[in-house]
Amino acid sequence: MRYLKGLGHHATGVDRAPQALEIAAAYGHTVLADIEAGPWPFQDGSNFDAVVVTNYLWRPLFASIFQSLTPGGVLIYETFATGQETLGKPSNPDFLLQPGELLQAFSKLRVVAFEDGFLDTPARFVQRLAAVKPSGMYTAGPPARYSL
C-alpha cells in the first residue's frame, strides 16, 4: 500500500489483524475482515482497477478476486510454490502453489508475465503472475491486415 500511495494511487488493504491495519491505515483505506472464515468483504459490487496479492494463498478466493477486477483491471499475484517445503516455511502443501496453478486459476485473464521457480535472494520458490482482465476492446489476436 505504501508503494502504491507513493505512485499516487488509492489503495484498500484487507487483513484480519487490527495491528496490521493500524500500520496500513497511513497508506489508504483498510478493511478488517477474515477473508478465510467470513464472507468476501466487497459484496457491494466494489470493483478494483488492480488487485495485488503477496505471500498469501487461499484458493477459495480466486473467483472473488477475479470478479473484483474491473474490465481492463490488473492482477499482480506472487506467493510460495511447490519446492518451498525444502527450504522451510511455508511447508504445508495447502499453502504452496502447484506448477502453473496461477495460470490455470486465472485462465480468463490475459497474461502479461508469469514466473514459476526458484529465486535466490532470499531463497524461495514462488509463482508470479501479472495479468489483465479483458475488456470489450481486447480481442484474442491481432487485427487482420487484409480482408479476404
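The values are calculated or read from the model by the stated rules, or taken from the named source; none is laboratory data. These figures come from a predicted structure and were not determined experimentally. Every residue, glycine among them, receives a Cβ derived from its backbone with ideal geometry; neighbour counts consider all protein chains shown.
Brief remarks on what is shown
- Near pairs, Cβ below 8 angstrom, 6+ apart or cross-chain, from segment 43-58 (farther than 12 Å from Thr12 by Cβ) to any residue that is in a loop (DSSP other than H, G, I, E, B): Leu57/Leu96; Trp58/Ile35; Trp58/Glu36
- Scope segment 102-111; condition free of Cβ contacts under 8 Å to residues at least 24 places away in the same chain and either part of a strand (DSSP E or B) or small (Gly, Ala, Ser) (or both); matching residues: Ser107, Val111
- When we screen Leu57, Leu69 for residues that are surrounded by 14 or more Cβ atoms within 10 Å (Cβ to Cβ) and closer than 25 Å to Phe125 by Cβ, the only hit is Leu57.
- Which numbered condition Glu22 misses (of (1) under 14 Å from the mean Cα position of the chain (by Cα); (2) surrounded by fewer than 14 Cβ atoms within 10 Å (Cβ to Cβ)): (1)
- Selection over segment 36-56 of residues that are out of contact with any Ser or Thr (no Cβ under 8 Å at 6 or more places or on another chain) and either in a strand (DSSP E or B) or within 30 Å of Leu119 (Cα to Cα) (or both) gives a count of 3.
- Residue list for segment 57-83, filter: on the phi < 0 side of the Ramachandran plot and in a loop (DSSP other than H, G, I, E, B): Leu57, Trp58, Thr82
- Residue within segment 110-121 that is at pLDDT 95 or above, within 24 Å of Leu4 (Cβ to Cβ) and loosely packed, with under 12 Cβ neighbours inside 10 Å present: yes
- Scanning segment 126-142 for residues that are surrounded by 11 or more Cβ atoms within 10 Å (Cβ to Cβ) and under 16 Å from Lys108 (Cβ atoms), we see that the one that is modelled with the lowest pLDDT is Tyr138.
- Subset of segment 76-108 [of a type in the set (A, V, I, L, M, F, W, C) and in contact with a Leu (Cβ under 6 Å, 6 or more places away or on another chain)]: Phe80, Ala81, Phe95, Leu102
- For segment 72-94, a tally of residues being closer than 18 Å to Val52 by Cβ and not polar (S, T, N, Q) returns 9.
- Test: Thr54 is hydroxyl-bearing (Ser, Thr, Tyr) and over 12 Å from the mean Cα position of the chain (by Cα): no
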